[in-house]
Amino acid sequence: MYFSAVSAGIPGKSCKDDKTPNFKMQEILHIYRLYYMSPGASQRTFPAYFLEIGADFSSREHHRKGSRIMPERIVIALGGNALQSRDSGATAEAQLEVVKKTSGHIAQISQRGYEMAVVHGNGPQVGRIVLASEAAKDVAPPMPFDVCGAMSQGYIGYHIQQALKYALNSRNRNYPVVTLATQVVVDRSDPAFQNPTKPIGAFYTAEEARQLERERGYTMREDAGRGWRRVVPSPIPRRIVEIEAIRLLWDHAIVVACGGGGIPVVENPDGTLEGVAAVIDKDFAAELLAEAVGADVLLILTEVEKAAIRFGKPDQEDLGHISLAEAARYAAEGQFGVGSMLPKVEAAMKFVRSHPGKKAIITSLDKALDALDGKTGTVVTFA
């Protein structure tokens, strides 16, 4: 039986060690994906026979590392629309239905053989948790802001785990999904603490916003013409505390990490960590994670298919492939909205600046596969 060596996973053995099969290329690809892209596959030696017959695994989905073919690594940053629709309610049940649709898209990417981690935002969710905690202050002590962020990681991660595992199973892909509560170290002296910019929670009218400022001391700002929202500090992420755990899990599961940008903590002189009231931008956290795990692609998913300059004007121009220098020029010109597209572009710029030869993609959830195929999206590269 010419499958014997492959099925047994014997190091140094390949199809050629048995009788050479007369396969079509797609059959070889099928065997490869079934066995060499299953959990633990990155530890397996790639069959020499596949290499000798000239099978082309040097495409976007794989790269060679020594004598092995390695799947491309992607860190996916999910935008708010991937968790909650404008047309749906703010209930947990409504959010889960949106996450199920999102998980179908992520499962398609996984099915193509990419290795991945998933980072998500939590602005609306952590805002509601804070509101609920404050509203119940007469019967239960309000939870600190960092604890509310941790709570949001738990329940959003639970939704993604449940929905994504089912989406994978529905595609006959038996692969674990795990959520890791993730702390991210920020600088205590970060100027963001003096200038809150990160929107969280629900949208309010101008009158409601003024009332919240008076009664609760919130900082409220208008958010891209959609209404007024509370804003909190958004410091730059410096270090992922649980990065070693993420690396250990990478070869065995899809990891949901740095949820909501991570639980923001500062490090004290004695080495202890202390939570702070802030929300880290999930795009910057995803970029930091992408660097730390050696990702090939930073995939930032949002509501629009492409970033644009002169957005909303008659001469709006959607951006396809842009270089780091072009992205920097557009950002300096103020072409991207603060708190919306700007952090996505800045995260993309940081990733390619740190790793020339790799790329960042900004696109919509439903166009993710097309963007990975080079058919759409804003692709940022060093040159």
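Just checking, which of Gly127, Gly201, Gly123 is under 17 Å from the mean Cα position of the chain (by Cα) and closer than 18 Å to Gly261 by Cα?
On the way: Gly127 fails: under 17 Å from the mean Cα position of the chain (by Cα); Gly201 fails: under 17 Å from the mean Cα position of the chain (by Cα).
Being under 17 Å from the mean Cα position of the chain (by Cα) and closer than 18 Å to Gly261 by Cα holds for just one of Gly127, Gly201, Gly123, which is Gly123.
When you go through (1) touching a strand residue (DSSP E or B) at 6+ places or on another chain (Cβ under 7 Å); (2) over 14 Å from Asp283 (Cα atoms) one by one for Ala331, which number turns out not to apply?
(1)
Take residues that are over 26 Å from Ser234 (Cα atoms) and touching a residue at least 40 places away in the same chain (Cβ under 8 Å) and tell me which of the strands (runs of 3 or more DSSP E) falling wholly in the stretch 271-383 contain 2 or more. Step through it out loud before you land on a result.
Numbers: elements: 273-275, 297-302, 321-323, 359-364, 378-381.
Result: 321-323.
With the structure loaded, tell me whether Leu289 is buried (at least 16 other Cβ atoms within 10 Å of the Cβ), in contact with a Leu (Cβ under 7 Å, 6 or more places away or on another chain), under 30 Å from Asp146 (Cβ atoms) and not polar (S, T, N, Q) or whether it fails that test. Step through it out loud before you land on a result.
Numbers: buried (at least 16 other Cβ atoms within 10 Å of the Cβ): yes; in contact with a Leu (Cβ under 7 Å, 6 or more places away or on another chain): no; under 30 Å from Asp146 (Cβ atoms): yes; not polar (S, T, N, Q): yes.
The answer is no for Leu289.
Read-outs: derived from the displayed coordinates by stated rules, not from any lab. Worth saying up front: this structure is predicted, and the values here are computed from it rather than measured. Quick reminder, even Gly has a Cβ in these numbers, built from the backbone with ideal geometry, and neighbours come from all protein chains shown.
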